[in-house]
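One structure is given here, and the rest of the page talks about it.
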Amino acid sequence: MKEQETPDAPGLRLLCPTRWTMRTRSLDSVLSNYSTLLHTLEDVSTTGYDEYARRAGGQHALMEKFSTFFGLKLAHLLFGAAEQLSRTLQSKQTSAQDAFKAAGLARHFTVDSELMKHLTTFTTRF
């Protein structure tokens with residue numbers, strides 16, 4: 001099914017429990033395969049009557065919600081900023097000034113930005 005719908009999308013990747021910066025790739029793979037996942041979960045839930053079919057139906061219902069998709073997109077943005085900061089801080093060519101600047105940019109993106117203020121207002125309505 002994946003080959004028919006999203007042949008260029010990467011395969012699903014597991015979430016690494018210890019390396020938080022690798023989560024951007026995992027989230028990207030879920031977002032790239034979102035429609036395929038929805039179709040597959042629907043197929044599993046409608047063709048079976050066992051525990052797996054019930055679980056697939058529940059997961060399908062969750063993935064159809066706007067809040068799930070929005071949360072994945074937001075997490076992808078935030079983990080992306082954290083991953084970029086991590087790469088900058090771990091680079092051998094990074095100076096103290098570069099590290100300080102990168103940390104400030106990441107902080108601004110995640111805490112101080114107008115986007116986050118609007119998101120807080122938006123999410124409290126739902």
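The values are calculated or read from the model by the stated rules, or taken from the named source; none is laboratory data. Computed from a prediction, not measured in an experiment: that's the story for all the values here. Here the Cβ is made from the backbone with ideal geometry for all residues, glycine too, and neighbour counts use every protein chain on show.
Looking at this structure, is Gln4 part of a helix (DSSP H, G or I), loosely packed, with under 13 Cβ neighbours inside 10 Å and modelled with pLDDT under 90? For Gln4, the condition - part of a helix (DSSP H, G or I), loosely packed, with under 13 Cβ neighbours inside 10 Å and modelled with pLDDT under 90 - is met. Say we look at the stretch 44-86 and pick out the residues that are touching a residue at least 12 places away in the same chain (Cβ under 8 Å) and of a type in the set (D, E, K, R); which of these is farthest from Arg25 (Cα to Cα)? Going through the qualifying residues, I end up with Glu64. Could you tell me whether any residue of the stretch 91-103 is within 23 Å of Leu31 (Cα to Cα), small (Gly, Ala, Ser) and either part of a helix (DSSP H, G or I) or at pLDDT below 85 (or both)? For the stretch 91-103, residues within 23 Å of Leu31 (Cα to Cα), small (Gly, Ala, Ser) and either part of a helix (DSSP H, G or I) or at pLDDT below 85 (or both): absent.
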